[in-house]
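K.L.:
What follows is a single structure, and I will ask about it in a moment.
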């Protein structure tokens, strides 16, 4: 073993005892020095590092996610009866918190007709009011051209365990275009 580099040692694939030695190099940034560590001390060091990571991980917020939804012409025509789910209801007891919506209307051959006061809304199921601070007004789908818009959700009182849906308070008629929606949201655990 004398005058042999660590990279030249025979590689072991498992330990045979807690007293097995692991060669390590410390102070690699300044003056490197060779040291040894037993398997038991190595496991203790790794375990305490994982315990530290586990303790701090609980403070990391869930990053923002998004979901893409394509809405057919038939679904648009039935939005007043059957809202389309944009964010499904969480099944693990957590809360989803929508933050913004990007809507893209793709015109086909015929524009839709809807009352000027009939704004398409993003709503949280079970929530009585519209979630969006700015709703998608009739020009979103009455247009004879493609249309896109992004809006932030600002009127939700608190995260909700319900799903988030696209809804129209009144019937939309005619038309054959489609809508693509990207909904951004965060998941908030119900335990902390």
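K.L.:
Within the range 113-139, can you find the residues that are loosely packed, with under 15 Cβ neighbours inside 10 Å and at pLDDT 80 or above?
P.N.:
Of everything in the range 113-139, just one residue is loosely packed, with under 15 Cβ neighbours inside 10 Å and at pLDDT 80 or above, namely 113.
K.L.:
Of all strands (runs of 3 or more DSSP E) completely enclosed by the range 61-112, which ones contain at least 2 residues that are modelled with pLDDT of 85 or more and within 14 Å of residue 163 (Cα to Cα)?
P.N.:
65-71, 84-87
K.L.:
Could you count how many residues in the range 7-18 are over 44 Å from the mean Cα position of the chain (by Cα) and either surrounded by 10 or more Cβ atoms within 10 Å (Cβ to Cβ) or modelled with pLDDT under 75 (or both)?
P.N.:
1
K.L.:
Can you tell me which residues in the range 140-181 are part of a loop (DSSP other than H, G, I, E, B), buried (at least 19 other Cβ atoms within 10 Å of the Cβ) and modelled with pLDDT of 75 or more?
P.N.:
Of everything in the range 140-181, those that are part of a loop (DSSP other than H, G, I, E, B), buried (at least 19 other Cβ atoms within 10 Å of the Cβ) and modelled with pLDDT of 75 or more turn out to be 168, 172, 175, 177.
The values are calculated or read from the model by the stated rules, or taken from the named source; none is laboratory data. What you are looking at is a predicted structure, and each value in this text was computed from that prediction instead of being measured. Cβ: placed from backbone, ideal geometry, glycine included. Neighbour counts: every protein chain shown.
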